[in-house]
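See structure below.
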Amino acid sequence: MRADALLADNFFDSDIAWVSLENPKFDVIFAPYETYLDGLLGVKTSYGAAILIRNDEESRKLDVFQKYVPEIQDSLPLAPEDRPSKRGHLSPMEVMDTPYRAGDLRHGYQAVADNLPNDPAHPRTERLEENFL
């Protein structure tokens, strides 16, 4: 699906398929997601690539926090509609080792959630990102 998305310049379907994965051992990011290199308006995306390998031992350490996500967010000084995740939705957390990064995924801050879809042209991906952060 990602190969088709690259050829068609339409990543929505492959992003939705990616979000449906559970505990993947490997993750490959190759798409124009982030806007870090657009110093003028901050809206033009640039391609980035990364290979990520799930660190199972470290990821298991996050399980204790997983069950407390709603309580942690209820403690934030934010209105409920502004909180990053919605109660009742999964908030996956995993530790990934990244042996390779290229393009926009090497620029500046190395984003922790750089493999989440965030296409404003598709509000569904915006909601997916909110539910997974």
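The values are calculated or read from the model by the stated rules, or taken from the named source; none is laboratory data. The structure displayed is predicted, hence computed values, not measured ones. Using ideal geometry, Cβ is built from the backbone for each residue, glycine included, and neighbour counts are taken over all protein chains shown. Remember, those area values only see protein heavy atoms, side chains included, never the ligands or the DNA or RNA. Shrake-Rupley method; radii C 1.70, N 1.55, O 1.52, S 1.80 Å.
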Pair list, Cβ under 7 Å, 6 or more apart: the stretch 16-30 residue closer than 19 Å to Tyr47 by Cα, other residue surrounded by 12 or more Cβ atoms within 10 Å (Cβ to Cβ) and of a type in the set (Gly, Ala, Ser): Ile29/Gly48; Ile29/Ala49; Ile29/Ala50; Phe30/Ala49
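Residues to consider are Asp38, Asp97, Asp114; find the one that is modelled with pLDDT of 75 or more, under 23 Å from Asp9 (Cα atoms) and of a type outside the set (Ser, Thr, Tyr). Reasoning before the result, please.
Details: Asp97 fails: under 23 Å from Asp9 (Cα atoms); Asp114 fails: modelled with pLDDT of 75 or more.
Of the residues listed, the single one that is modelled with pLDDT of 75 or more, under 23 Å from Asp9 (Cα atoms) and of a type outside the set (Ser, Thr, Tyr) is Asp38.
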Neighbours by Cβ (under 6 Å, 6+ apart or cross-chain): first from the stretch 96-110, within 16 Å of Ile53 (Cα to Cα) and among the β-branched types (Val, Ile, Thr); second surrounded by 13 or more Cβ atoms within 10 Å (Cβ to Cβ) and modelled with pLDDT of 80 or more: Thr98/Ala50; Thr98/Leu52
Test: Arg60 is basic (Lys, Arg) and either in contact with a Lys or Arg (Cβ under 7 Å, 6 or more places away or on another chain) or open to solvent by less than 40 Å² (accessible area, probe 1.4 Å) (or both): no
Members of the stretch 38-57 found to be open to solvent by 50 Å² or more (accessible area, probe 1.4 Å) and farther than 19 Å from Tyr100 by Cα, listed by number: Gly39, Leu40, Leu41, Val43, Lys44, Thr45, Glu57
Scope the stretch 13-50; condition under 23 Å from Glu94 (Cβ atoms) and in contact with a Ser or Thr (Cβ under 7 Å, 6 or more places away or on another chain); matching residues: Asp15, Tyr33, Glu34, Ala50
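Which of the following residues is open to solvent by 60 Å² or more (accessible area, probe 1.4 Å), charged (D, E, K, R) and assigned to a strand (DSSP E or B): Asp97, Asp27?
Working: Asp27 fails: open to solvent by 60 Å² or more (accessible area, probe 1.4 Å).
When all the criteria are applied, what remains is Asp97.
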Does Asp15 fit the bill of being closer than 21 Å to Gly103 by Cα, assigned to a helix (DSSP H, G or I) and not aliphatic (A, V, I, L, M)? yes
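Would you call Glu126 in a helix (DSSP H, G or I), at pLDDT below 80 and over 15 Å from the mean Cα position of the chain (by Cα)? Outline the logic, then answer.
Values: in a helix (DSSP H, G or I): yes; at pLDDT below 80: yes; over 15 Å from the mean Cα position of the chain (by Cα): no.
Against the criterion (in a helix (DSSP H, G or I), at pLDDT below 80 and over 15 Å from the mean Cα position of the chain (by Cα)), Glu126 does not qualify.
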